[in-house]
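Take a look at the structure set out below.
The values are calculated or read from the model by the stated rules, or taken from the named source; none is laboratory data. Note that the structure is a prediction, hence the values are computed from the model and not measured. When we count neighbours, we look across all protein chains shown, and the Cβ atoms used for this are built from the backbone with ideal geometry, even at glycine. These accessible areas exclude ligands, DNA and RNA; they are computed on the full protein's heavy atoms, side chains included. Shrake-Rupley method; radii C 1.70, N 1.55, O 1.52, S 1.80 Å.
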Amino acid sequence: MNANATGRRVVALHAAVILGLFLLQFVLPDYHHGVLARVMVLAVFAMGYNLTFGYAGLLSLGHAMFFAAGLYGAGLPLYHLGWGVAASFAGGIVAGAVLALAIGLLALRTTGVAFMIVTMMFAQVLYLTVFYFGTWTRGDEGLVLPQTQRILSAGGIQLDLTNPMTRYMAALCLFSIVLIAMLAVIRSPLGRVLVAIRENEERTRMLGYDTFANKLIAVVASGAICAAAGAAYALLFGYVGATFASVQYSILPLLWVLLGGAATTLGPFVGTLFMYYAVDITSGFTSAWLLVVGVALILLVLFFPKGILGTIREKWLPWLP
């Protein structure tokens, strides 16, 4: 298959996914309507993680700090300073990008297991900082953002983000923008350099590429995407809490990416969707839902060792991005 035909298939697949999600909002029951909106936002978080882990080969256990930076960067100004929705969302993204730049400059001086440990330590520092400033953050209790403040004003039009349809469309817009951006990045020279770094960093450096600068770009972009997901979560679902800064939320995106397929554009969404519904459905039938989910994940790893889409790409559809 030539490159043009492959490109058309890739574009058609991604367009079909976005169109399918758009149409689903009109037929889904209320409960699943809300769940899918949440899944799309969390999938953006997973896509941000996939950029560093899947494409650049950087195993991080600290990405919760970027999600939390966006969450608090948007939630605190909205709650305490009365900022508008647009300004708060932008503030969340900036907070995540700046934090990612600072962490990247320090953590990227290490590699492998050391990088993983350093990122986890920085994430724990942010987690404890949330409790230290509990007067403003309220720690584990968190903040519930007032519904009256979660209204986006644009061009004389007011969009109520507490409305289920508006919330779903906002989540879909964010998901679509990030998905298209990710597809563009991995097909660009930057994406190819990141894959080269993942496969053999020393050889990539010998070819004349500045591997540190390229990895730093990946970390900052990843932090900004994760922060956008955190900011969207705060504004769309109205809650900001310390749980989202805990180590659990650094492990979850890794799990979602591994399940869906690392270094695949749609893998993070597939993994997030599968994991969310696996927990949701099994917890409704038994109190031992962790055991059931654990067995399901083991079977999935055995039969799909590279994740769902990663294995499908390897065995049947090599053109999948």
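Summary table
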read-out	value
Failed criterion for Ala154 (all others in (1) within 23 Å of the chain's Cα centre (by Cα); (2) open to solvent by less than 60 Å² (accessible area, probe 1.4 Å) hold)	(1)
Which numbered condition Gly34 misses (of (1) open to solvent by 10 Å² or more (accessible area, probe 1.4 Å); (2) in contact with a helix residue (DSSP H, G or I) (Cβ under 7 Å, 6 or more places away or on another chain); (3) within 16 Å of Ile225 (Cβ to Cβ))	(3)
Boolean, Arg8 is of a type outside the set (S, T, N, Q), more than 25 Å from Tyr239 (Cα to Cα), surrounded by fewer than 23 Cβ atoms within 10 Å (Cβ to Cβ) and at pLDDT below 95	yes
The one condition in (1) modelled with pLDDT of 95 or more; (2) assigned to a helix (DSSP H, G or I) that Val27 fails to fulfil	(2)
Subset of segment 194-216 (residues that are among the hydrophobic types (A, V, I, L, M, F, W, C) and outside any loop (DSSP other than H, G, I, E, B))	Leu194, Val195, Ala196, Ile197, Met206, Phe212, Ala213, Leu216
Some residue of segment 296-318 being within 22 Å of Leu21 (Cβ to Cβ), aliphatic (A, V, I, L, M), at pLDDT below 95 and in a loop (DSSP other than H, G, I, E, B)	yes
Lone qualifier among Leu101, Leu128, Leu106 - being out of contact with any strand residue (DSSP E or B) (no Cβ under 9 Å at 6 or more places or on another chain), closer than 12 Å to Gly223 by Cα, not β-branched (Val, Ile, Thr) and not in a loop (DSSP other than H, G, I, E, B)	Leu101
Ala231 being part of a helix (DSSP H, G or I) and either buried (at least 19 other Cβ atoms within 10 Å of the Cβ) or free of Cβ contacts under 8 Å to residues at least 12 places away in the same chain (or both)	yes
Pairs, first within 14 Å of Ala245 (Cα to Cα) in segment 137-154, second open to solvent by 50 Å² or more (accessible area, probe 1.4 Å) and in a strand (DSSP E or B), C-beta under 7 Å, six or more apart	Gly142/Tyr239
Answer residue from segment 279-315, given it is hydrophobic (A, V, I, L, M, F, W, C) and within 23 Å of Arg192 (Cα to Cα) and is surrounded by the most Cβ atoms within 10 Å (Cβ to Cβ) among those	Leu309
Of all residues in segment 111-133 being of a type outside the set (A, V, I, L, M, F, W, C), surrounded by 12 or more Cβ atoms within 10 Å (Cβ to Cβ) and at pLDDT 95 or above, the one that is nearest to His80 (Cα to Cα)	Thr129
Those residues of segment 260-270 which are open to solvent by less than 10 Å² (accessible area, probe 1.4 Å) and in a helix (DSSP H, G or I), in sequence order	Gly260, Gly267, Pro268
